[in-house]
Each structure stands twice: as structure tokens, then as C-alpha cells.
1. Quick one: if the Förster radius is 56 Å, what FRET efficiency do Val86 and Gln202 give, using the C-beta to C-beta distance and rounding to 0.05?
2. Would you kindly state how much longer the chain becomes between Arg101 and Ala64 on full extension, computed as 0.36 nm times their sequence separation minus their alpha carbon distance, in nm to one decimal?
3. Tell me the relative contact order for the stretch 287-343 as a rounded percent, counting alpha carbon contacts under 8 Å between residues six or more apart.
4. Please list 198-204, 285-291 highest first by mean number of surrounding beta-carbon atoms within 10 Å per residue.
5. So what are the three principal axis dimensions of the stretch 134-227 from its Cα atoms, in whole Å, longest to shortest?
6. Could you sort the peptides 135-141, 221-227 by per-residue average Cβ neighbour count (10 Å cutoff), highest mean leading?
7. Multiplying the sequence separation of Arg181 and Gln147 by 0.36 nm and subtracting their Cα-Cα distance, what value in nm do you get?
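FYI, it's all coordinate maths here, none of it is from the lab. Everything numeric in this text was worked out from a predicted model, so none of it was measured. Please note: Cβ atoms are built from the backbone with ideal geometry, for glycine as well, and neighbour counts cover all protein chains shown.
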Amino acid sequence: MVVAERCHGRDSPWSVRGKATHVLEAIGLDDEHTAVYRLLLSTPSADVGEIARDASMPVPRVQAVVDELERLGLLARQAAAHDRVVASPPSLALRPMLLERERRLTEAHEAIVQLSELYRQGAVQREVPDVVDVVLGPDAVRQRLGQVQAAAERRVDAFVLREVALIDGSENTEEDRALARGVQYRVVVEASVLERQGFLDQARSVMPLGEEIRVLPTLPTRLFIADGELALLPMHSHGDEKISGALLVHPSGLLDLVNAMFEESWRAATRLVEGGELAADDDAAVDRALLKLLLLGMTDAAAGAQLGISVRTVQRRVSELMEAAGVTTRIQLGAEAVRRDWV
């Protein structure tokens, strides 16, 4: 998570640096080109050897980067020494490039509107079998999953099963981008997903960004829905067999049924953790989180691993909670925890 700092109403140096990097990325410069250009902005002039030394890059690579920056008009040769280069003023070199990029983006948005209207007209004429597209091959499914998330404007709904057959959460870069632009994620996971090592750590990192996680004992299928308008259902919902394809469901009665299935599961599911529980480290918060995990069906060992405490500590805390609730079994403890609003 990037935290923007402000000082006396002005952007901090770190904030300015981040914005400058975004500008350079917007015109298509990679990290190496950006590093070299930034380096030359802060020095009167330099030759390839000096740039290579200061940027910790091989000389041949620096030469290639310098040639490309010169072609783009971001660098120029020094008049008195042609082996030395100077950075062109950003306002002179970058502004025309950004204006051209903005013009192309405007044209692209206009084209999307026109193409979307054509698609809408075609969708009206779809026959019943056409409301579902079949996506074949795991690579094609992963690509379509990325597209579904990238196209979402408001919300992504998902079912997550225990088997990681599509893509691991740490590799789902489109989810990170969607959360960064304000897309809300509602995720229902199977209880067994909680036994994945470090699952709560991942939850801790994404919940403040707009992702809510709930849990059910089991789920019928993997599922991704974008804005309630498009659904992706990977094939082979359970078992060890790898994903070989997926169904892409367009607006239709079938999509309405898929949305209704998710909403029903969402209402029935238990909220995994709240932000305060994840951030707190006091005994009451740990007990609350522990009870919730145990009620979701986790073993003592799995719950302890998620909370960073030993099995012995889990059992001691459970005994203390049973004593406080005046019960003698864990089943009774669960009922009392719900009645007393401990979870």
C-alpha cells in the first residue's frame, strides 16, 4: 500500500517522485529508461560510462537506453562534447508526448463506446445457446479472468475453493489493480481455504483496500462476477484435475440465476474477520478471532497457525472461555458465544 505524505500543504518528495514515475510510465518508459532519464535530470551532463556507474547498469545496456531516449527527444548531445548527453526539459519533451497519449486514449474510449453499442445490439439478437461462451485451455481461462477483473468498474464477486486451480492470490495482479482503482471485492471462501498458510495475512493486506471475505463450509463451484453483468465459471469445480476451460455467461436469465446464487451464499456466509480484529493484539480480540475460526470448522492447529499462537495456547484459551461461559463442551461454547455476541 502506498501512503501519500503531505507537508504544509505541499507534496512530499516521495509523493512528487511517485507522480513523476507515473508520468514517465504513462508515455511507455520502463524502469531502466526512467532511471537513466531521472539521473540525467539531476546532473548537467554525463557520458555513457558515468551513467553506467551511477545507475549500476552495464555499459552496453546504458548505450541502448541512451540511444532510445535520444530518439524520443528526451536527451540531446552536448554541443561542446558529443560523447556527453544532457536531459531535455520535461515541459518541452514530455508534454507533447502526454498530449498525444491523451488524444489516443480519447479516441480509444470513443471506439469502445461504438463497439459496446454494436455488441449490445448483437446481444439483443442472441439465441439461448449464445448467452454462454466456452473458453478452452487454462491459459485462455487465466487471460479471460484477468479481462473480467480489468473491466470491472464497481464490484467483483467471487467463490474460492480450496484447490488453487486457476491462479494464486499472490499472482493475481489484476485484483491489485482493481482494488487500487476502487473496485470492491466480495469473496466467499470454503472453510478449508482458511487452512492455507498465511491466509489471514493476505486478508489483512487486502481488507483495508475494499475486499470483504466471508466463509461457508462448502461451495458448489468457482465463480467470478464483474459488476453483476458478466460471470466466469471455470470448469472442474472440485478435485485435483486442472482447469481445462470455463463458461463465460452474458446478460440473461442464466446470469440472473448465477447472481442470485452468489447473493444467497453471501447472506448465509460468516464474515471472516473485521478490520479491528486484524489490527488489534489484545486478549479480547484474539479470543474473538479464535472463536470465529473454530466456529468456521478450523482445527486447533490451523487456527493457532493463522493467529500465530501455539496449539497449547489455543486449548488454554478455549478452556478459559468455556469456564467464563459456564459450559463444559465446545458445542455449548459455540452456542454461548453467539448468544453473548462474542463473535
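1. On the way: r = 47 Å, r/R0 = 0.83.
For R0 = 56 Å, the calculated efficiency reads 0.75.
2. The span from Arg101 to Ala64 would gain 10.9 nm if fully extended.
3. Details: 37 pairs, mean separation 20.5, N = 57.
Relative contact order here is 36 percent.
4. Values: 198-204: 16.0, 285-291: 19.4.
So the order, starting with the most tightly packed, is 285-291, 198-204.
5. 30, 29, 20
6. Highest mean packing first, the order is 221-227, 135-141.
7. On the way: separation 34, 0.36 × 34 = 12.24 nm, distance 1.51 nm.
Using 0.36 nm per residue and subtracting the Cα-Cα distance, I get 10.7 nm.
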